[in-house]
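The values are calculated or read from the model by the stated rules, or taken from the named source; none is laboratory data. Keep in mind the model is a prediction, meaning the values are calculated, not measured. FYI the Cβ positions are ideal-geometry reconstructions off the backbone, even for glycines, and counts take in every protein chain you see.
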Number of protein chains: 2
Amino acid sequence: MDMHHLTRELKQPGDSKIVLLVADGLGGLPMEPGGLTELETARTPNLDALATRGVLGSSIPVKPGITPGSGPGHLGLFGYDPLEYVIGRGALEATGIGFELGPRDVAIRGNFCTLDGAGNISDRRAGRIPSEESKLLAIRLREAKVPGIEVFVEPVKEHRFVVVLRGDGLKGDVHDTDPQITGVPPLDPVAHDPASQRTAEMAAKFIAEARRLLAGEKKANGVTLRGFSAKPALPSYEEVYGLRAAAIAVYPMYKGLARLVGMKIVGSAQTLAEQVAVLREHWNDFDFFFMHFKYTDSTGEDGNFDAKVKRIEELDAAMPEITALKPTVLIVTGDHSTPSYLKSHSWHPVPTLLVSDCCRTDGCRKFGEAEALHGGLGQFEAKYLMLLALANAGRLAKYGA
Amino acid sequence: MDMHHLTRELKQPGDSKIVLLVADGLGGLPMEPGGLTELETARTPNLDALATRGVLGSSIPVKPGITPGSGPGHLGLFGYDPLEYVIGRGALEATGIGFELGPRDVAIRGNFCTLDGAGNISDRRAGRIPSEESKLLAIRLREAKVPGIEVFVEPVKEHRFVVVLRGDGLKGDVHDTDPQITGVPPLDPVAHDPASQRTAEMAAKFIAEARRLLAGEKKANGVTLRGFSAKPALPSYEEVYGLRAAAIAVYPMYKGLARLVGMKIVGSAQTLAEQVAVLREHWNDFDFFFMHFKYTDSTGEDGNFDAKVKRIEELDAAMPEITALKPTVLIVTGDHSTPSYLKSHSWHPVPTLLVSDCCRTDGCRKFGEAEALHGGLGQFEAKYLMLLALANAGRLAKYGA
């Protein structure tokens, strides 16, 4: 479990500043055994200088061998046990497109599908309908009338969209309506528990409305609904850590995750330089800053080793402006590894760097995966990182007399 | 949780001897980044020779980033999960002054306070009353008569004292009576649960008696009570490990903590040399010896780097006499770090040394924080140390067939 029972008891105020810089998918792999990773290949004089002053370690996002998505990856770094706090798929999808969920909402992933004359599914993804077509259909679904509640529909990509049902007495425990096979009709929405009965009924009405609105379509004349989920109940940073926290992110998913733990989204930066400018501008208003850098992940996902190296060097070049603000604690890490070699997220521990006046320097001289193995933080589960941040910032009282 | 479900099942007898030498607050920090810690600065030829023969590691007292007090710090080393076993403040205070709590006791921290004519608190610490004055008042409170139970009062320091209520049907869950502010009267003792109702009533009678006995005092004419707590229910070393355990400590707090887990307090040593003599004298009577060395902590708390270095060298000089006894397993560690740089306990992992014939030597040559990062024990939570001690002593059977 997470350590919030401890931090709630031990948190103490201060004027220290913590910066958590998350380079998404930072960890990597060499392209051939014995080679260097992306981070080890990159020229990173500034990060290396910080590694020399600071302490290194390897962050295990969830548990050894477990590859996280963005949700669990960030929850871990934020100190919320990713095995305890689960963000439902609908809620994560809504978060990812920047939809701000409220307490009366149930979020659902919708898929357009193709139904044959008998009402059976002939294509579960509506012939891989292109985004530009599906977007218009999703917007058309906003005309669906479900008496007693509000319905929001947002396009995502290709056959996917998001539905949010807003109203009183809606719970999120409803079975998926996607039967996972073709040749059968979509399932009816069925509640797991009596408290979700009303949600199932409202979803059935939405589906009927969707059938009506899509009746003339060739490819996308039906919908299936998956991942029904309420807004996850995450206690806020203020509540569990006593921190006024700000998030400086470019992409909606990361703003959304930060918002779920009560961080305030500041600025509207589109580049790393703008993010640093926003950090400087809001320096006096917050105790904690989460900065998110996306491109170490996206280049890794593309399998573009050289591009990932360049993005890491871009990040390195931004460090002097961040350290010039003299944060009490500066952490550079990732939410998971995204090795170009695998073209996907992975389970490998993430090299992590923490700098403070009292961090106990460990003799490491370079920021990289191999060097981090000799670091003073050892290998640790990501969920403990916030404890180390708070301790180094002087924001945790002694446990027991 | 702790591992006692395993040790109860797997413990096996033997004639091996384990010595756990706890240098309180052993871990440290350099005074400037990149420098050496106290332990790394000290000349420790004997400990270095043991490091060469033995195996090193870094002990995390509770969890990463958590700074423990003496209670949780020692419980962890003793193998009792410090998050599972919590010693109430009253019980710890009583333990700290050497009061041996029994099963019918509730221990309470008392504070002398100053009440104005209206009965409101004007000073929560009775004008920081000096110990020589408050001691006499605490002794006077022994005259308090509370029919049906026994009352013990022990002086502590300045405005603090300890009250122990002894009787049948007393539980420890009673709210503090200290309102934490001045200008209001002390709170009445209120039970958290019905089982503690009688304790609350008896405490109210004690408070009334105290008011009567202190009526003529100028500064200390009232009391507040805090940290009501029963004796913590800790299974004994005999029970969970099958060990006859002895404690050789100078200060009451550490004797008290050892007593709580069923160790026998042996000798009345006042110096390290005397502690070693007591160890030698009782060598044949016990399987396990806990030796406590205080001064690495107190010098660290004073921020006196050089004095801490000297104390470590003093400890080093005592090692040959200990190893001459040929313990099967010798462990040198601390209950937490106390860096002179911070002048306080800290969360930093504690360098730990274990020597046995089968410990798997790891190539480390010196006992110190940085060297321990390369040690064979890695980083581990303190609560696992007793498992390693038992294993190296041949006192744990195989788990499963």
* Asked: Among the residues of segment A:93-112, which ones are touching a Gly at 6+ places or on another chain (Cβ under 7 Å), surrounded by fewer than 24 Cβ atoms within 10 Å (Cβ to Cβ) and over 17 Å from residue A:150 (Cα atoms)?
  -> A:96, A:98
* Asked: Which residue, of A:191, A:204, A:208, A:220, is of a type in the set (A, V, I, L, M) and more than 32 Å from the chain's Cα centre (by Cα)?
  -> A:208
* Asked: If you go through segment B:380-399 one residue at a time, do you hit one that is over 25 Å from the mean Cα position of the chain (by Cα), at pLDDT 95 or above and of a type in the set (Phe, Trp, Tyr)?
  -> yes
* **Matching residues, segment A:135-156, being within 25 Å of the chain's Cα centre (by Cα) and either of a type in the set (Phe, Trp, Tyr) or closer than 25 Å to residue A:184 by Cα (or both)** => A:138, A:152
* To do: For residue A:342, state whether it is within 12 Å of chain B (Cβ to nearest Cβ) and either among the aromatic types (Phe, Trp, Tyr) or in contact (Cβ under 8 Å) with a residue 24 or more places away in the chain (or both).
  => no
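Here is a yes/no grid of residues against (1) over 21 Å from residue A:200 (Cα atoms); (2) touching an Asp or Glu at 6+ places or on another chain (Cβ under 9 Å):
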position: A:101; (1), (2): no, no
position: A:113; (1), (2): no, yes
position: A:118; (1), (2): yes, no
position: A:125; (1), (2): yes, yes
position: A:140; (1), (2): yes, no
position: A:144; (1), (2): no, yes
position: A:147; (1), (2): no, no
position: A:162; (1), (2): no, yes
position: A:182; (1), (2): yes, yes
* Failed condition for residue B:306, given (1) in contact (Cβ under 8 Å) with a residue 40 or more places away in the chain; (2) over 26 Å from residue B:4 (Cβ atoms) -> (1)
* To do: Go through B:323, B:299, B:328 for me and flag whichever is under 19 Å from residue B:78 (Cα atoms) and of a type outside the set (A, V, I, L, M).
  => B:328
* Asked: If you take the residues in segment A:278-295 that are in contact with a Phe, Trp or Tyr (Cβ under 9 Å, 6 or more places away or on another chain) and charged (D, E, K, R), which one is modelled with the highest pLDDT?
  -> A:287
* Pick from segment A:176-210, criterion in contact with a strand residue (DSSP E or B) (Cβ under 8 Å, 6 or more places away or on another chain), without any contact (Cβ under 8 Å) to a residue 24 or more places away in the chain and not in a loop (DSSP other than H, G, I, E, B), ranking: surrounded by the fewest Cβ atoms within 10 Å (Cβ to Cβ) -> A:197
* Structure fact -> Selection from segment A:370-392 of residues buried (at least 23 other Cβ atoms within 10 Å of the Cβ) and more than 9 Å from every other protein chain (Cβ to nearest Cβ) yields A:372, A:382, A:383
* To do: State the number of residues belonging to segment B:1-36 that are under 24 Å from the mean Cα position of the chain (by Cα) and in a loop (DSSP other than H, G, I, E, B).
  => 8
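Conditions (1) at pLDDT 95 or above; (2) over 22 Å from the mean Cα position of the chain (by Cα), marked per residue:
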site: A:77; (1), (2): yes, no
site: A:81; (1), (2): yes, no
site: A:98; (1), (2): no, no
site: A:120; (1), (2): yes, yes
* Collect the residues in segment B:32-47 that are surrounded by fewer than 21 Cβ atoms within 10 Å (Cβ to Cβ), modelled with pLDDT of 95 or more and more than 14 Å from residue B:314 (Cα to Cα), keeping them in residue-number order. => B:36, B:40
* Structure fact -> Subset of segment B:51-62, residues crowded, with 21+ Cβ neighbours inside 10 Å and either out of contact with any Phe, Trp or Tyr (no Cβ under 7 Å at 6 or more places or on another chain) or within 14 Å of chain A (Cβ to nearest Cβ) (or both), comes to B:54, B:55, B:56, B:57, B:58, B:59, B:60, B:61, B:62
* **Every residue from segment B:320-356 that is in a helix (DSSP H, G or I) and surrounded by 21 or more Cβ atoms within 10 Å (Cβ to Cβ)** => B:322
